[in-house]
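*Asks:* Encoded as structure tokens, here's the structure I'll be asking about.
The values are calculated or read from the model by the stated rules, or taken from the named source; none is laboratory data. Since the model is a prediction, treat every value here as computed from it, not as a measurement. When we count neighbours, we look across all protein chains shown, and the Cβ atoms used for this are built from the backbone with ideal geometry, even at glycine. The area values use the complete protein model at the heavy-atom level, side chains included, leaving out ligands, DNA and RNA. Shrake-Rupley method; radii C 1.70, N 1.55, O 1.52, S 1.80 Å.
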Amino acid sequence: MSIVSDNMRKIISGSGMKQKAIAAKCGYSEKELSAMLCGRKKISADDIPNITRALGVSPNDLYELVDTAGGES
């Protein structure tokens, strides 16, 4: 999996939003968003604006590296 999909899952779980609602805001089906989160579908650069808008985060939040202890790298 990618750092982007890992960070998406963390942001989604912390937001309390449902994947179905986020998928709709992105313009994706729930199945397509799930495939992105599980690494079955590659997240392209064209997807980033839709995802950041739906999650209310910056692109930096998606690409930020976080170590296993929870601190920033």
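*Asks:* Where the second residue is aliphatic (A, V, I, L, M) and open to solvent by 20 Å² or more (accessible area, probe 1.4 Å) and the first is touching a residue at least 12 places away in the same chain (Cβ under 8 Å) and lies in segment 30-47, which pairs have Cβ atoms under 7 Å and are six or more apart or on separate chains?
*Replies:* Cβ pairs passing all conditions: Met36/Ile43; Gly39/Met1.
*Asks:* If I ask for residues that are among the hydrophobic types (A, V, I, L, M, F, W, C), surrounded by 15 or more Cβ atoms within 10 Å (Cβ to Cβ) and assigned to a loop (DSSP other than H, G, I, E, B), which ones from segment 1-36 would you list?
*Replies:* Within segment 1-36, the subset among the hydrophobic types (A, V, I, L, M, F, W, C) is 1, 3-4, 8, 11-12, 17, 21-24, 26, 33, 35-36.
Then keep just the ones that are surrounded by 15 or more Cβ atoms within 10 Å (Cβ to Cβ); that gives 4, 8, 11-12, 17, 22-23, 26, 33, 35-36.
Result: Met17, single match.
*Asks:* Under the condition of being assigned to a loop (DSSP other than H, G, I, E, B) and among the hydrophobic types (A, V, I, L, M, F, W, C), which residue from segment 37-47 is surrounded by the most Cβ atoms within 10 Å (Cβ to Cβ)? So that I can check it myself, show each step before the final result.
*Replies:* Within segment 37-47, the first condition is being assigned to a loop (DSSP other than H, G, I, E, B), and the residues that meet it are 39-47.
If we keep only those that are among the hydrophobic types (A, V, I, L, M, F, W, C) too, we end up with 43, 45.
Values: Ile43: 17, Ala45: 7.
Selected residue: Ile43.
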